[in-house]
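What follows is a single structure, written as structure tokens, with notes after it.
Taken together, the values in this text are just the output of simple stated rules run on the coordinates, not laboratory data. Note that the coordinates shown come from a computational prediction; the quantities given were computed from them, not determined experimentally. Note: ideal-geometry Cβ built from the backbone for every residue, glycine included; neighbour counts use all protein chains shown.
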Amino acid sequence: MFMVLDPETIREQLASRLAELQVRAAHVHAARIEPVNPDSSEAATEKEDDEVLEGEEALIMLEIAAVRAAISRLDAGTYGVCARCGQGIDPRRLGVQHEAALCLSCATSLYD
Ligand SMILES: [Zn+2]
């Protein structure tokens, strides 16, 4: 089925995705900066957890940047246009991944 994407719906979904990511980022950040008690027998585990949280926070920040970029492309009227080759991105791809900046073939060729 060919899906027609309504820019306003996309914008709403991107905005709520952004809000959700910001809440998650705040939680992860708060958990990460919680002071570690060096006398605690759990200090080593807490340090490991911090590294996991740091990785998670970095991923969330990347996603936030991608969603923000998608919102600016909506504003600029370039949403749905591949940032690399300039071809239209398959709406089915955008339907699944609203923040996609590249068409499928460009996105795949990045990993070749
Ligand atoms: Zn492309």
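For the chain, the Cα-based Rg and Dmax, in that order, read 18.4, 60 Å. About its Cα centre, the dipole of the stretch 1-66 is roughly 380 debye, where the only charges are +1 on Lys and Arg Cβ and -1 on Asp and Glu Cβ. Rounded to the nearest 10 degrees, the inclination of helix 7-33 to the longest alpha-carbon principal axis of the chain is 10 degrees. On the principal axes of its alpha carbon atoms, the stretch 44-84 extends 49, 18, 8 Å, with the longest extent given first. When only the Cβ of Lys, Arg, Asp and Glu is charged (+1, +1, -1, -1), the dipole of the chain relative to its Cα centre reaches about 880 debye. You can think of it this way: the chain between Val36 and Arg93 has 16.2 nm of extra reach, that is 0.36 nm per residue less the Cα-Cα gap.
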